[in-house]
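Let me begin by presenting the structure, written as structure tokens, before commenting on it.
No lab work stands behind these numbers, since they all come straight from the coordinates. Just so you know, these numbers come straight off a predicted model, no measurement behind them. Methodologically, a virtual Cβ is constructed for each residue, glycine included, from the backbone with ideal geometry; neighbour enumeration extends over all protein chains shown.
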Amino acid sequence: MKRILITLAAMGMALVAVAQPQLREDNIEDVLKAMTLQEKATLLVGGARAAMVNGVTSGVAANVPGAAGNTRPIERLGIPATVLADGPAGLRIQPTRQGDNNTYYCTGFPVGTLLASSWDLSLVEDVTKAMGNEVLEYGVDVLLAPGMNIHRNPLCGRNFEYFSEDPLLSGKMAAAYVKGIQSNGVGTSIKHYAANNQETNRNEDDAIISQRALREIYLKNFEIAVKEAQPWTVMSSYNKLNGDYTQQSEGLLTTVLRDEWGFKGIVMTDWGNKAGTVKSAKAGNDLMEPGNQNEIDRIIAGVQDGTISQEELDRNVRNMLTYIVRTPRFKGYEFTNKPDLKAHAQVARKAAGESIVLLRNNGALPLAGSEKVALYGVSAIDFVAGGTGSGDVNKAYVVNMVEALEGAGFTLEKALRDFYFAYLKYDKAKSKLSGNGGSWFSPRRTPETAIPANAIDSHAKANDVAVVVLGRNAGEGADRKMMDDFELTAVERELLQNVSASFHAAGKKVVVILNVGGVIETNSWKNLVDAIVLPWSPGQEGANAVADVLTGKVNPSGKLPMTFPVNFMDHPSSANFPYNYTASASRGFSWGPRQPQKDVDVTRYEEGIWVGYRHFVTRDVEVSYPFGYGMSYTSFAYSKPVVKAVADGFVATVTVKNTGSVAGKEVVELYVSAPDGGLEKPARELKAFGKTKKLQPGESQTLTLKVSAYELASFNEAASAWEAAAGKYNVQFGASVDDIRCAAPFTLKKAQSWPVHNVLAPTK
Ligand code: BGC
């Protein structure tokens with residue numbers, strides 16, 4: 001009897017040992033085999049808190065307060081919960097915790113649009129190395145960033161999070177971003193894949209896009225980021241694309257992303273619970289976020305009734321386990337909760353300074369730093385460091401323009417300064433009393449206020465220069481409007497007019513700071529003023545970076561990652577964008593089924609590939625500031641353009657010389673005009689770019705830029721193939737898309753083609 005018991009006990013232990021392997025990097029298949037259906041389904045569905053984890057999974061808490069989500073633990077198999085948090089302008093977690101005197105602030109870095117304005121991949125990598133260190137040290141495994149949708153239209157509410165209207169610049173920026181973050185041993189989630197180019201009805205809107213525009217514009221940047229940087233995760237978007245929710249599109253998530261581009265990580269949904277969980281899982285969307293029990297139940301039911309196969313389920317679970325073994329949580333990393341915020345603030349300041357774009361300067365800048373300044377604009381105090389929504393970082397402080405200018409040595413007109421502080425305080429108190437603070441998505445901003453003309457007159461007499469800060473906030477969940485947002489408000493226009501009139505009459509200059517989250521109208525007023533500095537939303541130290549540029553401590557070298565049009569309607573996408581949408585006005589109250597509403601339920605990208613400069617340059621439409629444009633306090637000459645054919649494309653070199661009197665850096669943009677090869681093509685397209693080191697006056701540097709034949713290709717829908725036409729290519733070196741300095745020819749002797757799958761065609 002005793003022997004039988006011992007044998008049974010030994011068998012039991014053996015069973016336990018077989019059935020309960022503990023997850024290691026090298027036993028993923030064993031763990032997969034040991035998992036029950038319930039456990040597999042559980043692993044594919046996020047759970048924001050360990051407490052939400054259901055019966056089979058007891059609570060290995062991996063909860064960082066304020067993090068956007070978790071994956072669920074399965075303690076029995078040694079699978080920890082992992083933590084996912086936003087992005088992209090820094091880590092977003094809750095800065096304080098109940099019963100805990102420590103603080104958990106994160107650095108507010110420059111927004112994506114400003115980083116892209118640097119055109120400097122190593123700068124972006126430096127920023128994201130520091131950012132990723134905060135991710136690691138605060139116990140987070142994946143930063144839900146970068147945001148990388150294309151700036152299809154200036155009014156997309158989240159453009160500030162995104163990089164550019166150009167897929168190459170966007171893709172390269174994203175790759176550098178991913179490399180920097182992931183160098184810390186934590187992951188990224190490139191988002192929102194794909195075609196989430198508007199916020200209006202972002203959960204349901206169906207983006208109807210031609211295969212060519214998709215491949216060349218809206219997927220190209222993701223392709224570059226995946227191939228160059230292998231992000232740990234990809235976040236599918238909320239919207240539909242050509243009829244399917246992106247999270248349920250096998251063409252997008254499996255055929256293109258994995259089969260064609262070789263993506264090896266997991267795909268997670270954006271934060272919502274759509275009904276088609278099983279369809280998502282089948283399509284290759286591994287993880288549902290933020291996750292709920294219904295989704296677990298649906299997956300279990302789907303396997304039981306055969307809607308999703310065991311192989312498909314196991315494929316996703318295997319992806320999840322492969323992801324989990326890479327995480328710091330799994331590796332037991334002992335995070336400190338003490339990243340070096342002081343050092344990171346300096347990284348943020350430097351990056352902002354190197355990225356700020358100087359749009360206009362008729363000799364007003366740089367200032368000496370000792371001037372008396374009349375500082376106008378409520379945003380000088382209520383400075384916009386980032387945007388609203390999930391991209392808003394909980395930073396310990398934001399330097400405003402008053403602190404920055406006074407810190408730099410300027411003396412501010414006191415009465416004016418005190419007035420703005422008092423006005424802001426009054427307005428905030430008033431809106432609090434009336435309960436009109438806006439929402440989390442769109443917090444109300446204090447509007448600009450009028451300053452009497454006679455007061456401005458006296459400021460002009462008493463001060464050396466006027467600085468006017470124009471502010472715009474933008475954020476998740478809503479698009480910007482054409483009126484009073486893209487366009488200046490009447491009060492802002494009057495302020496600019498009066499300040500310019502008074503200061504110019506007194507022989508003094510006017511400098512405008514555009515502290516904006518997206519493109520605004522500049523053409524009607526730019527000539528009124530003497531200088532325009534564009535720091536976008538530059539992070540917690542951004543105002544100091546603006547001061548660095550104003551005083552010449554930093555010579556500006558940023559360039560525009562998108563076009564500033566003359567009029568909003570000049571963008572072809574404006575014809576199909578909800579630019580004046582208000583939920584109440586357009587939804588109304590009606591009985592019966594609602595007809596799909598143009599640009600709200602269905603948005604047709606009728607402009608095809610003619611996005612941004614591709615349209616403006618090819619069709620010769622006047623712009624206010626072209627793509628790639630930015631001034632410096634020095635000047636540069638380009639010479640010796642050489643293009644050499646190599647086995648796979650060409651290598652180009654160009655020499656840049658600092659011909660001015662102060663040190664500076666120059667961004668060189670390489671554009672190519674391609675032979676048509678049977679396809680209509682943009683007049684020129686960006687194919688590479690580089691930035692010089694800081695060149696001293698008289699100093700030169702030769703930049704080398706490489707372009708492969710594949711990168712020259714356009715997408716032929718009829719053949720479902722990328723095609724590089726044979727013939728002569730004009731390789732141009734530009735200081736902007738409209739300022740080509742020199743060129744050299746390249747000949748592709750034989751046409752080349754790269755066939756891909758015929759997927760993602762519009763069905764309607
Ligand atoms: C946003 C994502 C974000 C997620 C988690 C969503 O609403 O679209 O960008 O990562 O929330 O906070």
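A few remarks follow.
- Computed FRET value (nearest 0.05) for Thr582 with Ala396, which takes r as the C-beta separation and R₀ as 51 Å: 0.90
- A viscosity of 1.002 mPa s and a temperature of 20 °C, combined with the Kirkwood radius over C-alpha pairs in the Stokes-Einstein formula, give the chain a diffusion coefficient of 78 µm²/s.
- Percentage relative contact order, the chain, counting C-alpha pairs under 8 Å, at least six apart: 14 percent
- Among the listed pairs Lys428/Lys526; Lys129/Lys694; Lys691/Lys750; Lys461/Lys509, those with a Cα-Cα distance over 20 Å are Lys428/Lys526; Lys129/Lys694; Lys691/Lys750.
- Note on segment 393-418 and segment 325-382: Cα centroid distance 14 Å, given to the nearest whole angstrom.
- Applying 0.36 nm per residue to the separation of Lys461 and Ala506 and subtracting their alpha-carbon distance, the gain on full extension is 15.6 nm.
- When the P(r) is computed for segment 157-262, the part past 17 Å accounts for 51% of the Cα-Cα pairs.
- Relative exposure of Glu204, Glu711, judged by other C-beta atoms within 10 Å (fewest first): Glu204, Glu711
- Rounded, prolate or oblate (a/c below 1.5 giving rounded, otherwise prolate when a/b exceeds b/c) for segment 139-192 by Cα gyration tensor: oblate
- Spin-label proximity, Asp26 to segment 323-353 - amide N less than 20 Å from point 7 Å beyond Cα toward beta carbon: 323-327, 330-332
- Lys, Arg +1 and Asp, Glu -1 on Cβ, resulting dipole of the chain about Cα centre, debye, nearest 20: 900 debye
- Loop-located GluC sites (Glu not before Pro) in segment 303-399 (DSSP state other than H, G, I, E, B) with a sparse environment of at most 10 neighbouring Cβ atoms within 10 Å: Glu334.
- Taken one residue at a time, the phi angles of segment 243-259 give Karplus couplings (6.51, -1.76, 1.60, θ = phi - 60°) of x, 10, 4, 4, 6, 10, 9, 5, x, 6, 8, 10, 4, 7, 5, 9, 5 Hz. Gly and Pro are set to x.
- Within segment 323-423, the chymotrypsin sites (Phe, Trp or Tyr not before Pro) that combine a DSSP coil assignment with at most 12 other C-beta atoms in a 10 angstrom radius are Tyr397.
- Segment 701-764, Rg to Rh (Cα coordinates; Rh as Kirkwood inverse mean 1/r): 1.10
- Taking each residue as 0.36 nm, the span from Glu699 to Ala301 lengthens on full extension beyond its C-alpha to C-alpha distance by 136.4 nm.
- Potential lengthening between Glu494 and Thr103 on full extension [0.36 nm per residue; Cα-Cα distance subtracted]: 136.4 nm
- Cα-projected label distance for Asp739 with Lys372, points at 7 Å along beta-carbon direction, nm: 3.5 nm
- FRET efficiency, 1/(1 + (r/R0)^6) with R0 60 Å, evaluated for Thr747 and Phe335 via beta carbons: 0.65
- ³J(HN,Hα), Karplus 6.51/-1.76/1.60, whole Hz, each residue of segment 216-225, x for Gly, Pro: 7, 10, 8, 9, 4, 5, 5, 4, 4, 5
- Nitroxide proxy distance, nm - points 7 Å out along Cα→Cβ at Leu528 and Ala761: 5.3 nm
- FRET efficiency estimate (nearest 0.05) - Cβ-Cβ, Gln595 to Asp259, R0 45 angstrom: 0.75
- Prolate/oblate/rounded call for segment 299-398, Cα gyration tensor, a/c under 1.5 rounded: prolate
- Pairwise centroid distance, computed over Cα atoms, of segment 130-169 with segment 705-745, Å: 27 Å
- Label-point separation, Lys227 to Ser431 (7 Å along Cα→Cβ), nm: 4.6 nm
- Farthest toward positive dipole pole in segment 652-727 [+1 Lys/Arg, -1 Asp/Glu at C-beta], among Val668, Gly698, Gly727: Gly698
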